[in-house]
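K.L.:
One structure, pasted below without further comment.
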């Protein structure tokens, strides 16, 4: 069960640059560690994050094993029209988790 | 010169303490009691204080969701605990007259599951139990620890105190030597705190996850090359009671961030 | 009655403390990257185009007490208009098992080319950020961080 936390302002004025925070629960297992019995712990990481605003990609990130567990991102979006913000995380096997928020623009 | 100072301090204690008697009871000076968060860097303190970015909230959120989920044959926690359980965590571990034993928060939650939800116990350190415990503990954030170690809890308290003061492991060290006699000094990349449980369940950066107080105790026992006790072991619950009584009046911080 | 010999806490004990819990540490599966591998990763990402120092401010704490989660903030100086914006920023390490830590992709609609994140650092090193602008020019910034507990235990 993925847990996601989003911080998106409820409203913004047109042209305003809003700060967005997105946190997801994920071990980001690097694939470089061994367990207590010496076995290799397989890599299990999120590789891609995308933020779409009114169906356009406005920001994206590629993650590698150097990203800490439970990845947190703070980034920005310029408010234009009222619309839906869609956040999507995809892991190395193509599994994905997403969440949406509405941005009211005045 | 800060770097040099840090590295040099790894050499620390050598100087430390006279040989202690086996149960040489030393208690913290009540005036000097401070939370483990005091020994974190400003960045880590800031992460703990950030109610969005603190990753411990991923478990608190999950616990909140579970709190209002009915079990197969029983009602949700929230059905009976409509106002949540504010302040409750600050009073645990506590004596339970039904089982005639001291229960910690995990044990109390499990008792409610069995007795009031017709559901099996959740495994210690399992994700649901950790999440529920984190959520219940969060509802006491800021409340001052106030456990009762008198009356029927006294015996358990004494058992915990003895465990704390007894040397163990290949290193032959007691909890007390590190956390009562040498707190504030540096050890590896760490600074020794007074060893309070007020931040737990806590998100340890090293675990890259939330974990219970017993997980921390297991790490400390392993650290001195002693065999750690199983999760939920009555002896660890006794230690937990002693730790809590020893930290009475400290505010609860769960979900705390620790190294 | 036999008595266990009394021992003081000494330096060796204390250096060893906790090592059990991070047993994982003992055998990293991959050797660490080097400055040369960082350069190679950079060439793979950006070819042989010249990189100019500047316009990129990278912030990490001067001392991180733990390499498992180090706060990183990167901001690129740009008007972020349709004609002049930051396309992407790569975060590179000369000492982690893999040199490329992350890439961030921006658009004019981002409004501001700034990201805060948390990264892993296997040891003291100078992290580098390279930004590619919409005109194809490359800019860089770097920041040195001392990691007190990290090294091979982290990754």
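K.L.:
Need at least 2 residues that are touching a strand residue (DSSP E or B) at 6+ places or on another chain (Cβ under 7 Å) and at pLDDT 95 or above per element, so show me which helices (runs of 4 or more DSSP H) inside the stretch B:32-119 make the cut, counting only ones lying wholly within it.
P.N.:
Counting at least 2 such residues, we get B:42-49, B:56-67, B:105-117.
K.L.:
Return a yes/no flag: does the stretch C:98-121 have any residue that is within 24 Å of residue C:35 (Cβ to Cβ), away from chain B (no Cβ under 14 Å) and out of contact with any strand residue (DSSP E or B) (no Cβ under 8 Å at 6 or more places or on another chain).
P.N.:
For the stretch C:98-121, residues within 24 Å of residue C:35 (Cβ to Cβ), away from chain B (no Cβ under 14 Å) and out of contact with any strand residue (DSSP E or B) (no Cβ under 8 Å at 6 or more places or on another chain): present.
K.L.:
Can you find a residue in the stretch A:32-53 that is within 15 Å of residue C:111 (Cβ to Cβ) and facing another protein chain (nearest Cβ under 7 Å)?
P.N.:
Scanning the stretch A:32-53, I find at least one residue that is within 15 Å of residue C:111 (Cβ to Cβ) and facing another protein chain (nearest Cβ under 7 Å), so the answer is yes.
K.L.:
Another question, then. Please determine whether any residue of the stretch B:232-247 is at pLDDT 95 or above, touching a helix residue (DSSP H, G or I) at 6+ places or on another chain (Cβ under 9 Å), within 14 Å of chain A (Cβ to nearest Cβ) and outside any helix (DSSP H, G or I).
P.N.:
There is no residue in the stretch B:232-247 that is at pLDDT 95 or above, touching a helix residue (DSSP H, G or I) at 6+ places or on another chain (Cβ under 9 Å), within 14 Å of chain A (Cβ to nearest Cβ) and outside any helix (DSSP H, G or I).
Here's the yes/no breakdown for (1) assigned by TED's automatic domain parsing to the domain that holds residue B:154; (2) surrounded by fewer than 14 Cβ atoms within 10 Å (Cβ to Cβ):
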{"residue": "B:30", "(1), (2)": "yes, yes"}
{"residue": "B:67", "(1), (2)": "no, no"}
{"residue": "B:80", "(1), (2)": "no, yes"}
{"residue": "B:99", "(1), (2)": "no, yes"}
{"residue": "B:110", "(1), (2)": "no, no"}
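K.L.:
If you take just the strands (runs of 3 or more DSSP E) that sit entirely in the stretch A:1-104, which of them hold at least 2 residues that are buried (at least 21 other Cβ atoms within 10 Å of the Cβ)?
P.N.:
A:17-24, A:46-53, A:56-63, A:72-78, A:83-91
K.L.:
Among the residues of the stretch B:35-44, what is the count of those that are surrounded by 15 or more Cβ atoms within 10 Å (Cβ to Cβ) and more than 15 Å from residue C:118 (Cα to Cα)?
P.N.:
Qualifying residue count for the region: 6.
K.L.:
If a residue has to be assigned to a strand (DSSP E or B) and either more than 9 Å from every other protein chain (Cβ to nearest Cβ) or in contact with a helix residue (DSSP H, G or I) (Cβ under 6 Å, 6 or more places away or on another chain) (or both) to count, how many in the stretch C:70-87 make the cut?
P.N.:
Residues in the stretch C:70-87 being assigned to a strand (DSSP E or B) and either more than 9 Å from every other protein chain (Cβ to nearest Cβ) or in contact with a helix residue (DSSP H, G or I) (Cβ under 6 Å, 6 or more places away or on another chain) (or both): 7 in total.
K.L.:
Here's another thing I want to ask about it. Where in the stretch B:147-231 are the helices (runs of 4 or more DSSP H), entirely inside, with at least 2 residues that are closer than 30 Å to residue B:97 by Cα, touching a residue at least 24 places away in the same chain (Cβ under 8 Å) and within 14 Å of another protein chain (Cβ to nearest Cβ)?
P.N.:
The helices (runs of 4 or more DSSP H) meeting that bar are B:213-223.
K.L.:
Next question, about the same structure. Looking at the stretch A:1-23, which of its residues are within 11 Å of the chain's Cα centre (by Cα), facing another protein chain (nearest Cβ under 8 Å) and touching a residue at least 24 places away in the same chain (Cβ under 8 Å)?
P.N.:
If the condition is that a residue be within 11 Å of the chain's Cα centre (by Cα), facing another protein chain (nearest Cβ under 8 Å) and touching a residue at least 24 places away in the same chain (Cβ under 8 Å), then A:21, A:23 are the ones that fit.
K.L.:
Would you check if residue B:25 is touching a residue at least 12 places away in the same chain (Cβ under 8 Å) and either in a loop (DSSP other than H, G, I, E, B) or touching a helix residue (DSSP H, G or I) at 6+ places or on another chain (Cβ under 9 Å) (or both)?
P.N.:
Taking the combined requirement at face value, the residue satisfies it.
K.L.:
Go through C:58, C:138, C:72 for me and flag whichever is under 9 Å from the mean Cα position of the chain (by Cα) and farther than 26 Å from residue A:13 by Cα.
P.N.:
So the residue among C:58, C:138, C:72 that is under 9 Å from the mean Cα position of the chain (by Cα) and farther than 26 Å from residue A:13 by Cα is C:72.
K.L.:
Go through the stretch C:37-51 and report how many residues are without any contact (Cβ under 8 Å) to a residue 12 or more places away in the chain and within 8 Å of residue C:94 (Cα to Cα).
P.N.:
0
The values are calculated or read from the model by the stated rules, or taken from the named source; none is laboratory data. Quick caveat: nothing in here was measured; it's all calculated off a predicted structure. Heads up, the Cβs are rebuilt from the backbone with ideal geometry, glycines too, and the neighbour counts pull from every protein chain shown.
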